[in-house]
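Participant: My questions will all concern the structure given below.
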Amino acid sequence: MRPPLVLLPGMNCTGDLWADVTVPGSIRWPLAERSVARQVTELLDGLPERFVIAGLSLGGVIAMETALAAPDRVAGLCVMSVNGRATTAVQHEAWRAWRDRLAAGGTPAELQREILPSLVPTAVRGGRPDLVDRVLGMGAQTTADRLDAQLAQQLSRRPLLDRLAALDLPTLVVSGTADPICPPVFHDEIATAVRGARLVSVDAGHLPPLERPDVVRAVLDTWLAEVAGGQRQR
């Protein structure tokens, strides 16, 4: 049997991120722990012995850390809209500011609306009210406690790039060409660091599975078939 595909969302996202690209038997897993290490442990404790893992943004960070922690259990790794570099003081300041706002009564929905221009390209927003509604809806469906936990995960991140050479597994890296949060260069770096990784560019912003599900689903289907074929040969 083909290992199940585990799908991890980005920060302030829900399982709806993957609704249009989900493959049969896939598992949509939330990010609810308060550190990267605890999230990886929770995944490994709850998942089947062998699985393929895909994640977007913070979910991509968790996916890479999971593959590094248990390479014998991960049959394939897919990351999208992600940054493998060390986090910066500016990022930490922004994440702490969000936590302060949540503690003062702010909501994930309000914060999602503020960063909407970074999530959906300006050229797309006007013609895709459905997309805007879904992106804002994910923020509305996220509790303050869940987002605070994800912000705590962000603050606990470690640099990844210098550790990715240890990975030896089928790896797919998907970049949105119009992503201002995680621009294409971040994905070039990850694809270079992981031996044999495949890099695919999609005409999209930070959320390709929502913005271009047709393209993402086709890329995933092809890659997953190759991963399954490789597993059979082993």
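The values are calculated or read from the model by the stated rules, or taken from the named source; none is laboratory data. These numbers were taken from a predicted model, which means no experiment stands behind them. Virtual Cβ from ideal backbone geometry, glycine too; neighbours counted across all protein chains shown. These accessible areas exclude ligands, DNA and RNA; they are computed on the full protein's heavy atoms, side chains included. Shrake-Rupley method; radii C 1.70, N 1.55, O 1.52, S 1.80 Å.
Participant: Quickly run through the stretch 197-226 and pick out the residues that are part of a loop (DSSP other than H, G, I, E, B) and either open to solvent by 20 Å² or more (accessible area, probe 1.4 Å) or in contact with a Gly (Cβ under 7 Å, 6 or more places away or on another chain) (or both).
Facilitator: Of everything in the stretch 197-226, those that are part of a loop (DSSP other than H, G, I, E, B) and either open to solvent by 20 Å² or more (accessible area, probe 1.4 Å) or in contact with a Gly (Cβ under 7 Å, 6 or more places away or on another chain) (or both) turn out to be ALA197, ASP203, ALA204, GLY205, HIS206, ARG212.
Participant: Filter the helices (runs of 4 or more DSSP H) completely within the stretch 63-152 down to those with at least 3 residues that are in contact with a Ser or Thr (Cβ under 6 Å, 6 or more places away or on another chain) and open to solvent by 20 Å² or more (accessible area, probe 1.4 Å).
Facilitator: Per the criteria, no element qualifies.
Participant: Quick one: what pairs do we get from the stretch 1-23, first residue on the phi > 0 side of the Ramachandran plot, second assigned to a loop (DSSP other than H, G, I, E, B), C-beta under 8 Å, 6+ apart or different chains?
Facilitator: Listed by first residue and then by second, the contacts come to ASN12/THR142.
Participant: A further question on this structure: Under 6 Å between Cβ atoms, which residue pairs at least 6 apart in sequence (or on different chains) link something in the stretch 177-200 that is under 21 Å from VAL227 (Cα atoms) with a partner that is open to solvent by 30 Å² or more (accessible area, probe 1.4 Å) and among the β-branched types (Val, Ile, Thr)?
Facilitator: Correct list of pairs: VAL200/VAL219.
Participant: Let me ask something else. More than 30 Å from PHE51 (Cβ to Cβ) and modelled with pLDDT under 95: is that true of ALA123 in this structure? Spell out the reasoning first.
Facilitator: On the way: more than 30 Å from PHE51 (Cβ to Cβ): yes; modelled with pLDDT under 95: yes.
Yes, satisfied.
Participant: Just to be sure, is VAL36 within 14 Å of the chain's Cα centre (by Cα), surrounded by fewer than 24 Cβ atoms within 10 Å (Cβ to Cβ) and of a type in the set (A, V, I, L, M)?
Facilitator: So VAL36 fits the description; yes.
Participant: Which residues, taken from the stretch 178-196, are under 18 Å from ALA165 (Cβ atoms), more than 14 Å from the chain's Cα centre (by Cα) and surrounded by 14 or more Cβ atoms within 10 Å (Cβ to Cβ)?
Facilitator: ASP188, GLU189, ALA191, THR192, ALA193, VAL194 - these are the residues of the stretch 178-196 that are under 18 Å from ALA165 (Cβ atoms), more than 14 Å from the chain's Cα centre (by Cα) and surrounded by 14 or more Cβ atoms within 10 Å (Cβ to Cβ).
Participant: While we're on this one: Name the single residue that is farthest from LEU7 (Cα to Cα) among those in the stretch 201-222 being in contact (Cβ under 8 Å) with a residue 24 or more places away in the chain and among the β-branched types (Val, Ile, Thr).
Facilitator: The selected residue is VAL202.
Participant: Answer with yes or no whether GLY25 is outside any helix (DSSP H, G or I), small (Gly, Ala, Ser) and either in contact with an Asp or Glu (Cβ under 8 Å, 6 or more places away or on another chain) or buried (at least 24 other Cβ atoms within 10 Å of the Cβ) (or both).
Facilitator: no
Participant: In the stretch 138-161, is there at least one residue being over 22 Å from GLN91 (Cβ atoms), in contact with a helix residue (DSSP H, G or I) (Cβ under 7 Å, 6 or more places away or on another chain), at pLDDT 95 or above and of a type in the set (A, V, I, L, M, F, W, C)?
Facilitator: So far as the stretch 138-161 goes, yes, one or more of its residues are over 22 Å from GLN91 (Cβ atoms), in contact with a helix residue (DSSP H, G or I) (Cβ under 7 Å, 6 or more places away or on another chain), at pLDDT 95 or above and of a type in the set (A, V, I, L, M, F, W, C).
Participant: Go through (1) touching a helix residue (DSSP H, G or I) at 6+ places or on another chain (Cβ under 6 Å); (2) closer than 21 Å to GLY205 by Cα and name the single condition TRP98 misses.
Facilitator: Unmet for TRP98, out of (1) touching a helix residue (DSSP H, G or I) at 6+ places or on another chain (Cβ under 6 Å); (2) closer than 21 Å to GLY205 by Cα: (2).
Participant: Let me ask you something else. Output the qualifying pairs, or none if there are none: Cβ atoms under 7 angstrom, residues six or more apart or on different chains, first residue in the stretch 108-120 and over 16 Å from ALA97 (Cβ atoms) and in contact (Cβ under 8 Å) with a residue 24 or more places away in the chain, second residue open to solvent by less than 10 Å² (accessible area, probe 1.4 Å) and among the β-branched types (Val, Ile, Thr).
Facilitator: LEU119/VAL135; VAL120/VAL135
Participant: Could you list, in sequence order, the residues of the stretch 157-168 that are part of a loop (DSSP other than H, G, I, E, B) and either touching a Gly at 6+ places or on another chain (Cβ under 6 Å) or surrounded by fewer than 16 Cβ atoms within 10 Å (Cβ to Cβ) (or both)?
Facilitator: Within the stretch 157-168, ARG158, PRO159, LEU160, ASP168 qualify.
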